[in-house]
Amino acid sequence: MTFVLQLPFSSGRRTRRKAVAVRLFDLMVMALIALGAALTVVYVVQYELRVEPKRPAHGAALAKARVMGRVRWAMVEPRLVARLKQPHALELGRVWATREGRVCGLVHGWGSFGGLTAMTRFYTVGDEPVFKQDGGGDFENQWWQCRRDHYVIIREGSEETGFCPTKLGQKRCYTVRVQARTWH
């Protein structure tokens, strides 16, 4: 509910000047509010364009990207195997290359004590794999950059972390389906 508080009517030059000053002040406040709203819209649009997922390779670029992805994976995979010291073949989730040639993905590894670690995210710096457990403070930001840029898929698989996307986890985990209840 709104109301207008009416001021007592009076005449004279001073009163008119005051009324004009109040109106000008009101117009300036409204202009500042409109400018603030416009700048907010501009900044939101710029932010959304900056964080929007990038398009994967397609057409003629896809063939070149696949070759680049295979070459990058051929350099990264042996280092990933050596880093994880796997007694068995690697179990991989989805693996992809970004436009810059960085390889990103998920791997199911064995820990240094011989136990399974579940699907773990990694990305590469040069040819060396980097894991969150390495303690680098910038891991989440770099992983977010990887997630935005699936330029070419090297290996299809799950992007879910944890135990359930692994082969053993798929046998032991189950999907809970929630059914909508209808009230009679």
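Derivation of every value follows stated rules applied to the coordinates shown; laboratory data play no part. A quick note: this is a predicted structure, and the numbers were derived from the prediction, not measured. Because the Cβ atoms are built from the backbone with ideal geometry, glycine has one as well, and the counts that use them run over all protein chains shown.
A few notes on this one:
- The shape of the range 14-63 can be summarised by an equivalent ellipsoid whose semi-axes, obtained from the alpha carbon gyration tensor, come to 51, 7, 4 Å from longest to shortest.
- Annotation: amide H of E91 within the under-5 Å range of H108, sequence separation 5 or more or interchain, hydrogens built in the peptide plane.
- Local electrostatic count at A61 - Lys and Arg +1, Asp and Glu -1, tallied over other residues with Cβ under 14 Å: +4
- Diffusion coefficient (Stokes-Einstein, Kirkwood radius over C-alpha pairs, 10 °C, 1.306 mPa s) for the range 83-163: 123 µm²/s, rounded to a whole number.
- Using a Förster distance of 35 Å, the FRET efficiency for A21-V41 (Cβ separation, nearest 0.05): 0.70
- Around C173: net Lys/Arg minus Asp/Glu count, Cβ-Cβ under 12 Å: +2
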